[in-house]
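Working notes for the structure below.
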Amino acid sequence: MKKSSFRKSLLWRLSGALLLLLIFLGIAYVSITTYSARKYYQETTQKLNAHVAEHMLLEVNPFVNGEVNAEAVGKIMHSMMAVNPSLEVYLLDPQGNILKYVVLDKKVRLKNLKLEPVKQFLADSGKTFVLGDDPRNPGEETIFSATEVRNENGQLEGYVYMVLASEEYENIAGALSTSYFMKLGAQTFAITLVAAFALGIFLIALLTRNLRSVITTVKRFEEGDYHARIPVKNSGELADLSHTFNHMADTILKNIEDLKEVDELRRELIANVSHDLRSPMSVIQGYIETMMIKGDNLSDEDRRKYLEIIFKSSEKLNLLVADLFELSKLEARQVQLQKERFNMNELLQDTAKQFQLKAKEKNIKLHTELSHESLIKADIGMMQRVIQNLMDNALKYTPEDGEITVKSVLINERLEVSITNSGKGIPEDQLPHIFDRYFMLDKDKHGIDGTGLGLAIVKKIVDIHDADISVNSIENGSTSFTVVMPAA
């Protein structure tokens, strides 16, 4: 679906939903208004005529010697109905049975009325709105007025029960009120509907305008503009959506940059591996071919010399492959740390002893300055590899008659381990690259052999331990590598 058609579809769908909602609310409003108006009319009529039945007793006594005074009751009932044709008058016995009634042109279908509404009405003299039985329509309720009829001795003889709105009156009044309120409600609803719908369309258009900005930005991002971001000007759900998209876009962009960096490193790795593997393999292949061609013509000394060269080249090849494999696992975070508490000084002393023989071969002084407190929690195997790589690196770059110092010191609950060697130092412009893969300091100039991966492995191991490593070097002076980690 095209963007414009999507916007139009969304606009009209929202508008249609709003229109249906307004119509539903309008119908509910008219119905509630009509119902409330009817209840208002009934309650008003009942309270205005609450004492009509009581006033009738002032004119006539419905019972004489316990019997219904039919002539007198009929006369007064007809008189009242002549004044107010909407009245219906019923004379009830104490059990609610209808003894006599006057109703114009209507058939009374009930013979007995429930007295609970009557007693409730009489309890507070008609102040409470209550509906009673409609004798003409079983199951229906209507407004009424009622009073007790007692004899001279105060004995209850019955009730006068007056329906205040006859069926015909209710039909006419109901039709008129319904028509009136329907017209009023329809007019009010029409005005409200137009105003609310217009306001709703404006708000929906405003909402979809902000939504269009979101869609446009997402479309730009989809087309490759990874720096496209949704402008956030206020708060609300769309602002939350914009923040979420912007954060997602930042994450995706970072992942893309990381993938580019990984791809670049992969290309560099392949190039470097190809170059470094080619050298020892070429040496091995060359001397093997020489031995095969010359065969028995080679002296024992030359044969032994060639085999030593082949052996050293194969050792270098194995070392390079092992370092590459280890570095790859560290970079992929596929190494499971086995952390334990141990004494770092013991590890430093053991490693120094391992390198003591190599140091003597170059007449290098190797001594230690160790702190009393040196407990840490780390992977002892990996930390041993760190110290070994740093010691091996120090021995390679320390000239004859030089010195190497292994030192540990506890400062603010952090153990600092430093390995310092004398020598020519590291040029300042090369310090930022010292932990890069395959970086070797003037390999040809110093005549130093190696894979160029030792310090890169050291950096990765230190990083996965959440520790720090730094290098400080003075040109034509000493070089110091310092590892800082929390004390246990």
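Ranked by the mean number of other Cβ atoms within 10 Å per residue, highest first, peptides 134-145, 211-222 order as 134-145, 211-222. Between Glu403 and Lys365, Ser422, the built amide H atoms are under 5 Å apart, and every one of these is 5 or more places off in sequence or on another chain. In this rough spin-label picture, where each label sits 7 Å from Cα along the Cβ direction, the His247-Ser279 distance is 4.9 nm.
Listed peptides 415-426, 284-295 appear in the order 415-426, 284-295 once ranked by packing, highest mean of other Cβ atoms within 10 Å at the front. Between Ile32 and Glu475, the simple spin-label model (points 7 angstrom out along Cα→Cβ) gives 8.6 nm. When each of the peptides 357-364, 48-55, 239-246, 383-390 is scored by how many other beta carbons lie within 10 Å of its residues on average, the order from highest to lowest is 383-390, 48-55, 239-246, 357-364. Compared with the alpha-carbon gap, the fully stretched path from Ile215 to Glu116 is longer by 28.9 nm at 0.36 nm per residue.
The convex hull around the C-alpha trace of the range 348-389, projected and averaged over every direction, spans 3.4 square nanometres. Here r is the Cβ-Cβ distance between Thr290 and Arg414 and R0 is 60 Å; the resulting FRET efficiency, rounded to 0.05, is 0.60. Rounded to the nearest whole Hz, the Karplus-based 3J(HN,Hα) values (6.51 cos²θ - 1.76 cosθ + 1.60, θ = phi - 60°) of the range 404-419 follow the sequence 10, 10, 9, 9, 9, 8, 9, 10, 6, 6, 10, 8, 10, 10, 10, 10, with x at glycine and proline. Spin-label model, Glu373/Ala123: points 7 Å from Cα along the beta carbon direction are separated by 8.4 nm.
Between the amide H of Leu99 and those of Leu91, Leu92, Asp93, distances stay under 5 Å, these residues lying 5 or more places away or on another chain, with hydrogens modeled in the peptide plane. Given R0 = 60 Å, the distance between the Cβ atoms of Glu308 and Glu222 translates into a calculated FRET efficiency of 0.45.
No lab work stands behind these numbers, since they all come straight from the coordinates. Because the structure is predicted, anything quoted here is derived from the model rather than measured. Every residue, glycine as well, gets a Cβ built from its backbone with ideal geometry; the counts of neighbours run over all protein chains shown.
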